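*Asks:* Before I ask anything, here is the structure I am working with.
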């Protein structure tokens, strides 16, 4: 199993309307994340692996990368949205050629570059010219001191803000990703105030999974997490941009019940952005390919279930025993398997794996206790 150096703690999602089409997530993922390289100039405190300055000698070659793109395009339509991550995808010399090849195959593409001095206006303009649909950037503090305490490189706060403003000049949609941990949580309202002054498409709050170097940080407690999810729901009603959570699928339970309390009908709920995430989780609607070709259910669930050098991506997603189990919430263990919200939530499989070594175990972050004999909830 190879290590993953994920600079972006959550990546961008598609913006176009056809992504709202109903998916059979047991057959077709909505999002495929490809860690193009481990090379990165940052030293983020929450990375799974130590940042490296050069590419791993075993990363997928140009020819192997094109084969991977063809395998992604072999899923049923609507095809998955491809998210290029790392490391820093800008470190790949063949980046633009691979983006062009993805488009030839009918794939839509987003990217999460590292916010370094290399991420200039000209680079962003080139990414847009090559058809990149949206951009993901991370902001973990409302000031340089707070952000750089997490990111580990002086100057990256200013580089991030500059990149957000440059993308706005190019009319390039931006998702800002923010870590939620004990070290960052108190700063979230101030980060929100900062983002309101910028042109942002979406704010994604990533609830820490303490793996790799992320063990140096502390997750918020389940009880505080529940409070922050209610804060997110309230904020989402008035924010000038969309707000989502990452690795906190129990937010869907919170949001569903809050929407019902607000008197929204099932049809109204189905039109909300959060509804489009119902049922999606690690390994079900999402898959991840490492820079060396290992196939994972998600970037923070580093359990190799094959390798694209030996296995076909579609076959692994649809037919491997682990992916099939992740497609089936009734196979989950503990209270996640008993919960009436297991179909729309399912718990964080990555967090279950990080804490227990079993991706089918219960998510320790959720404080909800299932009701005995309760009927399974979707939006009805």
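*Asks:* Only one of (1) modelled with pLDDT of 95 or more; (2) touching a strand residue (DSSP E or B) at 6+ places or on another chain (Cβ under 8 Å) fails for residue 279. Which number is that?
*Replies:* (1)
*Asks:* Would you call residue 103 under 27 Å from residue 315 (Cβ atoms), out of contact with any helix residue (DSSP H, G or I) (no Cβ under 9 Å at 6 or more places or on another chain) and in a helix (DSSP H, G or I)?
*Replies:* Details: under 27 Å from residue 315 (Cβ atoms): yes; out of contact with any helix residue (DSSP H, G or I) (no Cβ under 9 Å at 6 or more places or on another chain): yes; in a helix (DSSP H, G or I): yes.
Considered against the rule, which asks whether it is under 27 Å from residue 315 (Cβ atoms), out of contact with any helix residue (DSSP H, G or I) (no Cβ under 9 Å at 6 or more places or on another chain) and in a helix (DSSP H, G or I), residue 103 comes out as yes.
*Asks:* Let me ask another. Check residue 146 against each of (1) touching a residue at least 24 places away in the same chain (Cβ under 8 Å); (2) within 25 Å of residue 82 (Cα to Cα) and name the one condition it does not meet.
*Replies:* (2)
*Asks:* Would it be correct to say that residue 127 is modelled with pLDDT of 95 or more, crowded, with 21+ Cβ neighbours inside 10 Å and within 16 Å of the chain's Cα centre (by Cα)? First the steps, then the outcome.
*Replies:* Values: modelled with pLDDT of 95 or more: yes; crowded, with 21+ Cβ neighbours inside 10 Å: yes; within 16 Å of the chain's Cα centre (by Cα): no.
Criteria not met by residue 127.
*Asks:* In this structure, is residue 224 under 28 Å from residue 171 (Cβ atoms) and either in contact with a strand residue (DSSP E or B) (Cβ under 6 Å, 6 or more places away or on another chain) or at pLDDT 95 or above (or both)? Outline the logic, then answer.
*Replies:* Details: under 28 Å from residue 171 (Cβ atoms): no; either in contact with a strand residue (DSSP E or B) (Cβ under 6 Å, 6 or more places away or on another chain) or at pLDDT 95 or above (or both): yes.
Spelling it out, it is not the case that residue 224 is under 28 Å from residue 171 (Cβ atoms) and either in contact with a strand residue (DSSP E or B) (Cβ under 6 Å, 6 or more places away or on another chain) or at pLDDT 95 or above (or both).
*Asks:* Given the conditions (1) touching a residue at least 24 places away in the same chain (Cβ under 8 Å); (2) closer than 23 Å to residue 335 by Cβ; (3) touching a strand residue (DSSP E or B) at 6+ places or on another chain (Cβ under 6 Å), and given that residue 244 satisfies all but one, which numbered condition is not satisfied?
*Replies:* Here residue 244 clears every test but (2).
*Asks:* Checking the conditions here, which among 359, 321 is modelled with pLDDT of 95 or more and under 20 Å from the mean Cα position of the chain (by Cα)?
*Replies:* On the way: 321 fails: under 20 Å from the mean Cα position of the chain (by Cα).
The unique qualifying residue is 359.
*Asks:* I need the full set of residues from region 37-74 which are modelled with pLDDT of 95 or more and over 17 Å from residue 94 (Cα atoms), in order please.
*Replies:* Listed by number, the residues that qualify are 71, 72, 73, 74.
*Asks:* Right, another one. Could you list all residues from region 247-258 that are assigned to a helix (DSSP H, G or I) and in contact with a strand residue (DSSP E or B) (Cβ under 8 Å, 6 or more places away or on another chain)?
*Replies:* So the first thing to find is which residues in region 247-258 are assigned to a helix (DSSP H, G or I), and the list is 251-258.
251, the sole residue that qualifies.
*Asks:* Please state which one of 114, 110 is part of a loop (DSSP other than H, G, I, E, B) and touching a residue at least 12 places away in the same chain (Cβ under 8 Å).
*Replies:* Working: 110 fails: part of a loop (DSSP other than H, G, I, E, B).
That would be 114, the only listed residue that is part of a loop (DSSP other than H, G, I, E, B) and touching a residue at least 12 places away in the same chain (Cβ under 8 Å).
*Asks:* Quick one: how many residues across region 195-213 are out of contact with any helix residue (DSSP H, G or I) (no Cβ under 6 Å at 6 or more places or on another chain) and either free of Cβ contacts under 8 Å to residues at least 40 places away in the same chain or surrounded by fewer than 16 Cβ atoms within 10 Å (Cβ to Cβ) (or both)?
*Replies:* Residues meeting the conditions: 2.
*Asks:* Just need a number here: residues in region 248-282 that are within 17 Å of residue 369 (Cα to Cα) and under 23 Å from the mean Cα position of the chain (by Cα).
*Replies:* Restricting attention to region 248-282, the residues satisfying the condition of being within 17 Å of residue 369 (Cα to Cα) are 248-257.
Adding the requirement that they be under 23 Å from the mean Cα position of the chain (by Cα) leaves 248-256.
Residues that pass the stated criteria total 9.
*Asks:* If residue 232 meets every condition in (1) in a loop (DSSP other than H, G, I, E, B); (2) modelled with pLDDT of 95 or more; (3) crowded, with 20+ Cβ neighbours inside 10 Å apart from one, which number is that one?
*Replies:* (1) is the only condition that residue 232 fails.
*Asks:* Output the helices (runs of 4 or more DSSP H) that fall wholly within region 259-352 and possess 3 or more residues being surrounded by 17 or more Cβ atoms within 10 Å (Cβ to Cβ) and touching a residue at least 60 places away in the same chain (Cβ under 8 Å), or say none. Write out each step before concluding.
*Replies:* Values: elements: 266-270, 313-319, 321-326, 334-338.
Fully inside region 259-352 and qualifying: 313-319.
*Asks:* So in region 149-158, with the set limited to residues that are buried (at least 20 other Cβ atoms within 10 Å of the Cβ) and in contact (Cβ under 8 Å) with a residue 24 or more places away in the chain, which one is nearest to residue 121 (Cα to Cα)? Please lay out each step first, then the result.
*Replies:* Of region 149-158, the ones buried (at least 20 other Cβ atoms within 10 Å of the Cβ) are 150-151, 156-157.
Narrowing the set further to residues that are in contact (Cβ under 8 Å) with a residue 24 or more places away in the chain leaves 150-151, 156.
Details: 150: 25, 151: 21, 156: 15 Å.
In this case the residue turns out to be 156.
*Asks:* Same structure, new question: So residue 186 ticks every box in (1) crowded, with 16+ Cβ neighbours inside 10 Å; (2) under 29 Å from residue 353 (Cβ atoms); (3) free of Cβ contacts under 8 Å to residues at least 12 places away in the same chain but one. Which box is left unticked?
*Replies:* Against the list (1) crowded, with 16+ Cβ neighbours inside 10 Å; (2) under 29 Å from residue 353 (Cβ atoms); (3) free of Cβ contacts under 8 Å to residues at least 12 places away in the same chain, residue 186 comes up short only on (1).
The values are calculated or read from the model by the stated rules, or taken from the named source; none is laboratory data. On a predicted model such as this, the values are computed, not experimentally measured, just so you know. Neighbour counts are summed over all protein chains in view; Cβ atoms, including those assigned to glycine, are modelled from backbone coordinates with ideal geometry.
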